[in-house]
1. At 10 °C and 1.306 mPa s, grab the translational diffusion coefficient of the stretch 1-72 from Stokes-Einstein with a Kirkwood Rh over Cα pairs, rounded to a whole number in µm² per second.
2. Hey, can you grab everything whose amide H is under 5 Å from the amide H of A70? Only 5+ residues off in sequence or another chain; H modelled, so Pro and N-termini drop out.
3. What whole-number distance in Å separates the alpha-carbon centres of the stretch 9-44 and the stretch 122-143?
4. For the stretch 55-69 and the stretch 171-206, what is the centre-to-centre distance using only Cα atoms, to the nearest Å?
5. Report the semi-axes of the equivalent ellipsoid for the chain in whole Å, largest first, where each axis is √(5λ) for an eigenvalue λ of the Cα gyration tensor.
6. Tell me the carbon and sulfur percent of the accessible area for the chain, rounded to whole percent, probe radius 1.4 Å.
7. Any lysines with Cα under 27 Å of the K71 Cα? List them, leaving off those in the same chain fewer than 8 positions away.
8. Average projected area of the Cα convex hull of the stretch 169-228, in nm²?
Amino acid sequence: MVAVVFGARGSVGHHVAAGLRAAGERVRVTSRNPSAAQFPPDTEVVAADLERPETLPAALEGAEKIFSYAKPHGVQGFVAAARAAGVRQVVLLSSAAVVNSDAEHNPIAREHRAVELAIERSGIGWTFIRPGMFATNTRWWWTKSIRTEGVVRAPYPDAQTAPVHEKDMAALAVAALTEPGHDRRAYTVYGPQSLTLRQQVELIGDAIDRKVTFEVISVDEARVELGRTMPSIGVETILRLWAAGNGRPAQISTIVEEITGEAARTFAQWAEDHANDFR
């Protein structure tokens, strides 16, 4: 039987595919454009697009389980194709936003919850991985200014978050796909440490062995800065999160160690893993 990985070129999906292969699973990955995708030579790659349900039957033929990310447009077609193929389990990369108190008013939470609900109602077994702040987001925000100027410009230097390493999200997904006991479970995962933005910048500086200056700017200035690399919905979400966490410890979790038996990776480890991104 086959494990199909959607989003296998993404920061989480490619670790999921690698983890499944290491566990002895037969893995099939999908791409909108397989000829342009760069996967290892022995990888089974099939053309598929979650927003085009007509492309899914071929990708899901013989599939027993799926790893996917949340794509609300086309989700009913995805569910129908998975049921028709006889898929038994879907592990979805969702978002911790769905459990926040403002979820009803948060567009990101609404989109992810819509996908969760469609899968819950499908009759297929499911596991939801709901990460908080992705550590990889810092590459969107700060890579260019660190590389070119050795500076990070942001408001709220004392805003605290608990960034999650993408390898930990993947490890939870692999465990759910290869071990019993995860059916109809939702795992909300935060990083193991609450760190201020200033501390995160310092840890990146340590990883690249270079001093990185933190320059405090206004929220309006930050909106412009972030808007150069992020969609507006993401910009407003991150600004709200930073404002809410200003001077307040962020929620952390131990779910990675509980499920995988391995300690969650710290932000310092993440910075070391991605040092070349900032050099």
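The values are calculated or read from the model by the stated rules, or taken from the named source; none is laboratory data. Please read these numbers as outputs of a predicted model, since none were measured by experiment. With ideal geometry, Cβ positions are generated from the backbone for all residues, glycine too; neighbour counts draw on all protein chains shown. With ligands, DNA and RNA removed, areas are computed over all heavy atoms of the protein, side chains included. Shrake-Rupley method; radii C 1.70, N 1.55, O 1.52, S 1.80 Å.
1. 131
2. Amide H to amide H, under 5 Å and 5 or more residues apart or across chains, A70 pairs with L93.
3. Each part reduced to its Cα centre gives a spacing of 18 Å.
4. Rounded to whole Å, the Cα centres lie 25 Å apart.
5. Largest first, the chain gives 33, 20, 18 Å.
6. That share works out to 47 percent.
7. Partners within reach: K167.
8. That works out to 7.2 nm².
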